[in-house]
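The structure under discussion appears below in the form of structure tokens.
The values are calculated or read from the model by the stated rules, or taken from the named source; none is laboratory data. On a predicted model such as this, the values are computed, not experimentally measured, just so you know. Don't worry about glycine lacking a Cβ; one is built from the backbone with ideal geometry, like all the others, and counts go over all protein chains shown. The area values use the complete protein model at the heavy-atom level, side chains included, leaving out ligands, DNA and RNA. Shrake-Rupley method; radii C 1.70, N 1.55, O 1.52, S 1.80 Å.
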Amino acid sequence: MPEPLLSLHEVTKRFGSTVVADRVSFAVHRGEFFTLLGPSGSGKSTILRMIAGLERPDRGRVLISGRDMADVPPWRRGLGMVFQQYAVFPHMTVADNVGYGLRVRRLPRDVIEARVAELLALVGLAGMARKNVTVLSGGEQQRVALARALAIEPALLLLDEPLGALDEKIRRDMQTELKEIQRKTGTTFVYVTHDQEEALTMSDRIAVFHQGVCVQCDAPEVLFRRPRTRFVAGFFRGSNLVEGDVLDHTDTQLRVRIGERSLVVGRPPGLVPRGSRVAVAIRAENVRIGSAARRCSVQLDAVVSAIVYRGTTVDHIVELRDGQRLAATSTRREIDAPGARTPCGFDPEDVVVLED
Amino acid sequence: MGTVQGGAVQVGVRRADPSRVARYGILAIPMLFVALFFIVPLALMVVGSFWERAGFWVRPAFSVRAYAEFLTGVRLFVLRRSLAVAGVATLAGLVIAYPIAYFLARHVPERTSRSMLLLFTVPFVINYVIRNFAWTYLLGRTGPVNGMLMAAGLIHRPLDWLLFSDVAVLVGLITSYMPFMVYPLWLAVAAVDRRLVEASWLLGANPRVTFLKVTLPLSMPGIFAAVIFGFVGSFGESAVPIILGGVGYQMMGNTITSTLGVLNYPLAAAMSSVVLAAMLLFLAGWYLVFDVRSFLGKLVRW
């Protein structure tokens with residue numbers, strides 16, 4: 001493994017009595033699209049600001065290309081940053097905004113002009129160079145901010161909820177575009193968002209934050225399919241959380257009882273004594289009801305309690321015999337009306353035992 | 001509202017919208033007040049500047065004698081001195097007030113800065129005549145300033161130029177008008193988005209460059225507002241030159257007062273009109289350079 005471009009070691013930060021970052025460690029590699037995901041107040045923005053040098057960690061170290069950043073002020077870190085509220089300079093034109101970092105570096109005028117034109121083309125603002133930034137739309141201002149940050153060829157581009165202030169439609173378009181720009185320029189992105197879908201569609205890896213703690217850091221598919229804690233499972237929409245009893249265990253496997261059936265599933269690290277109750281996550285699209293349930297290796301008796309039509313999918317909410325509820329998502333309506341009895345099935349490999 | 005449905009004949013009279021009437025009604029009171037007590041007297045003053053002296057009174061005429069008297073006589077020197085003294089006082093006030101405003105806006109928690117700003121109103125609890133007379137004691141030959149300088153061994157004889165001089169007038173003007181300059185500057189600096197400063201840092205600009213390229217240009221409207229507060233006030237001041245300038249120290253304010261004293265009303269009106277015109281030009285320049293509304297808009301949003 002090559003040396004990571006950015007690494008955090010046990011970074012801790014307090015604001016008064018609240019711990020906003022609690023011994024956070026992770027590493028980001030060159031060219032990666034790395035996302036910090038979490039609800040507001042989870043500490044993700046503060047971590048980004050500590051990487052930028054805008055906040056000072058109480059403890060721990062931030063390393064960029066192996067160099068400790070403790071005594072390096074923001075203006076010597078050579079990073080780019082894009083803010084949620086654009087933060088374009090209102091007293092400058094589009095071109096002056098984009099060329100700001102280059103002018104500060106005292107590059108020759110023709111070099112600056114060429115680079116500014118190149119970046120405006122990259123972000124789709126060619127021909128807007130002479131415009132006043134304040135007359136631009138939110139999406140356009142954010143493109144200016146992005147071009148301005150990329151102009152200095154930053155080692156690392158930090159993005160703090162850059163699409164958070166934009167309309168739904170523009171946000172979707174910009175997601176694709178951002179990913180495309182990241183691929184074209186080969187810049188390493190560290191991206192902060194609270195939008196799980198945004199994180200899943202754009203990222204190479206995602207670190208999920210909860211109350212200042214990095215609870216899981218994995219590729220999107222892994223996070224989505226194999227959450228490790230209740231928080232992560234609950235954060236991605238469409239996970240069922242049910243309780244099971246541990247009947248027996250080996251080093252790698254657990255035998256748990258869910259409802260009236262017992263099944264053998266993978267075992268999480270840590271202590272899982274026999275007879276304890278564990279939380280289990282099953283994604284709704286892996287739960288089958290009606291005739292499809294008969295092909296599953298685990299089947300439980302259930303009663304349909306609600307049917308929610310969502311357009312492309314239909315959620316069937318079923319209640320098991322022990323009173324636990326599960327959602328089953330399918331592409332078409334399986335049961336006509338609530339109140340009907342139905343088998344409810346899933347496969348053990350889709351069942352994830354959570355650590356907490 | 002007020003339209004008849006179904007193709008009936010439209011009544012040709014526009015119905016008065018009651019909320020509109022109320023709005024203009026409320027606006028009319030201050031407008032009338034301003035017109036009656038400010039605009040009309042100022043207009044009368046301008047008209048009067050073209051009249052002629054007639055014994056102890058004036059008579060209607062169209063004469064530019066008063067202007068000629070003003071612009072050719074020794075009073076032109078007074079105008080030049082007023083401009084220079086007010087200019088220096090304003091510049092010095094800016095140099096003192098900007099760092100104070102910057103510090104309060106950027107390095108002090110908002111609650112503290114608000115109460116500290118309130119402290120700048122304390123000098124105005126004391127009557128300005130008393131405030132300025134206090135300086136005559138402080139700066140006098142036997143006053144504490146000379147006393148301390150002598151005790152420290154820096155001087156052997158009391159400094160004469162501390163009082164009844166340009167220095168004393170500047171001290172009086174700066175202490176009178178500098179506190180007023182802090183407020184618009186504080187508002188302007190506080191209105192500069194911190195993220196713009198952070199964005200500038202990350203783009204490689206150190207705090208000094210960031211100040212020159214971001215904070216200073218964006219606080220320009222506040223600087224101009226402060227300059228107007230300081231300059232207009234200092235320029236028209238009449239108590240400070242009388243109390244601290246000493247005998248014969250003339251600025252526009254007290255020259256106009258003394259001209260009224262000798263009953264030369266047209267000349268006093270002409271001088272006042274020139275001062276008024278200068279100030280209006282100044283304001284018009286500000287309005288052209290900065291869109292006042294956008295500045296106010298920023299303050300309101302903030």
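General remarks:
- Hits in region A:38-56 (condition: among the polar types (S, T, N, Q) and within 14 Å of chain B (Cβ to nearest Cβ)): A:S45, A:T46
- Members of region A:320-339 that are more than 17 Å from A:S291 (Cβ to Cβ) and of a type in the set (A, V, I, L, M, F, W, C): A:L320, A:L326, A:A327
- Tally of residues being loosely packed, with under 14 Cβ neighbours inside 10 Å and part of a helix (DSSP H, G or I) across region A:106-115: 4
- Residue match in region A:217-233 (condition: assigned to a strand (DSSP E or B) and not basic (K, R)): yes
- Any chance B:M148 is assigned to a helix (DSSP H, G or I), buried (at least 16 other Cβ atoms within 10 Å of the Cβ) and in the same structural domain as B:A278 (by TED's automatic domain parsing): no
- The set of residues from region A:187-198 being modelled with pLDDT of 95 or more and not in a loop (DSSP other than H, G, I, E, B) comprises A:F189, A:V190, A:Y191, A:V192, A:T193.
- Check on A:G99, under 18 Å from the mean Cα position of the chain (by Cα) and either crowded, with 20+ Cβ neighbours inside 10 Å or over 19 Å from B:A205 (Cβ atoms) (or both): no
- Of the candidates B:V262, B:V182, the single residue that is more than 14 Å from chain A (Cβ to nearest Cβ), farther than 20 Å from B:P41 by Cα and open to solvent by 30 Å² or more (accessible area, probe 1.4 Å) is B:V262.
- Check on A:G31, open to solvent by less than 10 Å² (accessible area, probe 1.4 Å) and farther than 18 Å from A:G60 by Cα: no
- Considering residues of region A:90-105 that are modelled with pLDDT of 95 or more and outside any helix (DSSP H, G or I) only, the residue nearest to the other protein chains (Cβ to nearest Cβ): A:R105
- Filter result for the condition that a residue is hydroxyl-bearing (S, T, Y) and within 12 Å of another protein chain (Cβ to nearest Cβ), over B:S219, B:S234, B:S238: B:S219
- Taking the conditions (1) more than 12 Å from chain B (Cβ to nearest Cβ); (2) in contact with a Pro (Cβ under 7 Å, 6 or more places away or on another chain); (3) part of a loop (DSSP other than H, G, I, E, B) in turn, A:Q142 satisfies each one other than (3).
- Flag if A:E118 is open to solvent by 30 Å² or more (accessible area, probe 1.4 Å), touching a residue at least 12 places away in the same chain (Cβ under 8 Å) and more than 10 Å from chain B (Cβ to nearest Cβ): no
- For region B:199-208, a residue qualifies if it is more than 19 Å from A:T93 (Cβ to Cβ) and within 7 Å of chain A (Cβ to nearest Cβ), and the qualifying residues are B:W201, B:L202, B:G204, B:N206.
- Of the helices (runs of 4 or more DSSP H) lying entirely inside region B:1-82, the ones with 2 or more residues being modelled with pLDDT of 90 or more and open to solvent by 90 Å² or more (accessible area, probe 1.4 Å) are found at B:18-34.
- Enumeration of residues in region B:228-249 that are more than 20 Å from B:M178 (Cα to Cα) and surrounded by fewer than 20 Cβ atoms within 10 Å (Cβ to Cβ): B:G246, B:V247, B:G248
- Residues of region B:154-169 satisfying the condition of being among the aromatic types (F, W, Y) and either surrounded by 15 or more Cβ atoms within 10 Å (Cβ to Cβ) or touching a residue at least 12 places away in the same chain (Cβ under 8 Å) (or both): B:F164
- Residue ID - farthest from A:R23 (Cα to Cα), chosen from residues in region A:57-89 that are within 9 Å of chain B (Cβ to nearest Cβ) and among the basic types (K, R): A:R76
- For beta carbons closer than 7 Å, sequence separation of 6+ or different chains, a first residue in region B:231-246 that is touching a residue at least 24 places away in the same chain (Cβ under 8 Å) and a second that is open to solvent by less than 10 Å² (accessible area, probe 1.4 Å) and in a loop (DSSP other than H, G, I, E, B), the qualifying pairs are B:E237/B:M251; B:P241/B:M251.
- Listed by first and then second residue, the pairs linking a residue in region A:84-98 that is within 14 Å of B:P217 (Cβ to Cβ) to a residue that is among the hydroxyl-bearing types (S, T, Y) and surrounded by fewer than 20 Cβ atoms within 10 Å (Cβ to Cβ), with Cβ atoms under 6 Å apart and 6 or more places separating them unless they lie on different chains, are A:P90/A:T134.
- Residues located in region A:164-186, provided they are touching a residue at least 40 places away in the same chain (Cβ under 8 Å) and either assigned to a loop (DSSP other than H, G, I, E, B) or not polar (S, T, N, Q) (or both): A:G164, A:A165, A:E177, A:K179, A:I181, A:K184, A:G186
- Criterion (of a type in the set (D, E), more than 18 Å from A:R49 (Cα to Cα) and within 13 Å of another protein chain (Cβ to nearest Cβ)) met by exactly one of A:E153, A:E161, A:E177, A:E113: A:E153
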